[in-house]
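The next block holds one structure in the form of structure tokens; read it before the comments.
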Amino acid sequence: MDFKIAEKYFKEDKIRELSSTDDGMRFIKLRSLSRKSQLEYLIQKYSIDVTYAKSKDWLKIIYESRISQDCIDETISELYEQDRAVRRKNEDQLINELYKIQSFGWGGLHQNSLEKTIVNNYVKKITSYESLTSAIENEVHNSMRDYVLASWYNHWSSIIIEDIFKDHYNVIPAVGLIKKIDFFVNNKPFDLKVTYLPEGYVKDYRRSHNLSPELTLMKHVSRDLNIAYDRSAPDAVLIPDLWRKLDDNPDEKSSKLISELHESREKLLTQAMQNPELLVRWLYENQGERRFDASNRLFLVLIDKNNFFESWKLKRAKPLIANSINKFLDSLNGEIGFKLDFDWGDDKYTTESDVIFVVK
């Protein structure tokens, strides 16, 4: 494959087309060595002549040298181990620090709309200087604290999880920054997505089985039992709030409803584990517009059956996660993933995906 064609495919996000050929895989793996120092390491290791070339042309020269995938893989493994050795020394302490997080929330702020939220709710709404400074101290400060803590927790727990994959013998890391690829499993590129049992999926499952929405049922019983709740709260906040209150209530109505809802979620989980394509297709088709793509994805789904709404805590449970990941990777017999067709907007897409369930 000509370098220009490989580069064109990459820019057009045609990763599946690239990864179907040896040349395409060589290009992707070389492209994953995105830092100058990483390419320089490979050049020196295999004595590739770039004497009169600018660094921006190194990728093309290395690719056209016909260097083998085995050589690239060896280089990637060596570079990864250099970085990994540093993280390995601090990992136990890092996990200990992550366990200090007792609650998880974005404080009403979201990564893609942080500036917009502040401008719309404070800059454009408040006309009094005193009111603005008061809001900053009492509202923005607390919201920003929650936002930073949640971002910190997600960042470092994600690195720990990625390292579990990258430490496995069936995995080649993407050591540099490369769009939509975290690693290669059995020589197939994947973008790792860590998620939980989506509330939207639960809602759609109940609708498809002619079951009333969980929230509707919980509100009804809460009114009967005079359980107070914030009627203006969004569903994402109200569902776990009412679930906890009803679960703590000794009334038979309450315990019966929570038991029924829990049983329904158990059935949904069993269905998803037996036929993962249903959940994976839903995850692809319900992406947000800003982050949409059809790249190969490997989903890691974390579920605490004792408390579905605290599954986020499992993201730091390295032994539990490593056990599930390594079992999955050890069991691979050459192939990974299944072909998936899905709809998004008015278009149809084809990708390859797989899912690992980590269930407590």
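We did not get these values from a lab; they are worked out from the coordinates using the rules stated. Keep in mind the model is a prediction, meaning the values are calculated, not measured.
Couple of notes before you dig in:
- Secondary structure note: in the chain, about 50% of the DSSP beta bridges are antiparallel.
- Axis angle, to the nearest 10 degrees, between helix 276-285 and the longest C-alpha principal axis of the chain: 90 degrees.
- Subset of K267/K313; K203/K315; K29/K116; K116/K348; K203/K256; K60/K179 violating a 27 Å alpha-carbon distance limit: K29/K116; K116/K348
- Matching label, Cα Rg over 2.2 N^0.38 Å computed from the structure shown, candidates (i) 1.00; (ii) 1.17; (iii) 1.10: (ii)
- Between I48, I160, I321, the GNM of the chain built on Cα springs shorter than 10 angstrom shows I48 fluctuating the most.
- Taking D346, D167, D73 as the candidate residues, the one with maximal mean-square fluctuation in a Gaussian network model of the chain, Cα springs under 10 Å, is D346.
- Cross-link partners for K54 among the lysines, with Cα-Cα distance under 20 Å and sequence neighbours closer than 8 places in the same chain left out: K4, K36, K45.
- Phi-based couplings in Hz for the stretch 21-29 (Karplus 6.51, -1.76, 1.60; Gly and Pro marked x): 10, 5, 4, x, 5, 4, 5, 4, 5
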